[in-house]
Amino acid sequence: FLETTAYFCMKPKMGEKEVSPHSFFSIWHEFSSDFKDFWKKENKLILQERVKEAEEVCRQKKGKSLYNIRPKHDSGIVSKNRSNS
């Protein structure tokens, strides 16, 4: 614990000799809950951007035809019978 508090440069409060676990973890709890909230918001924004990009790709693909329609050629049996009649 003492090595961790030294790593994060925590100093004891006025009148205390060492950093107490309560003071360290109260600050750590605030930090981690804020970080979690920002993380969720950022992930939500990223997800919304990706959904918009996917919708745009869908709109572009719908605008383009996925298949080509060719005119029907009169080369089958039915067309030969029609031309003979």
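Throughout, read-outs are computed from the coordinates displayed, never taken from laboratory work. Keep in mind the model is a prediction, meaning the values are calculated, not measured. Ideal geometry is used to build each Cβ from the backbone, glycine not excepted, and the neighbour counts take in all protein chains shown.
State the extension gain, in nm to one decimal, for the chain segment bounded by L47 and K61, taking 0.36 nm per residue of separation less the distance between their alpha-carbons. Show your work: numbers first, answer last.
On the way: separation 14, 0.36 × 14 = 5.04 nm, distance 2.10 nm.
Gain in length upon complete extension: 2.9 nm.
State, to one decimal in nm, how far the label point of A54 lies from the label point of Y7, with both points 7 Å from Cα in the Cβ direction.
3.8
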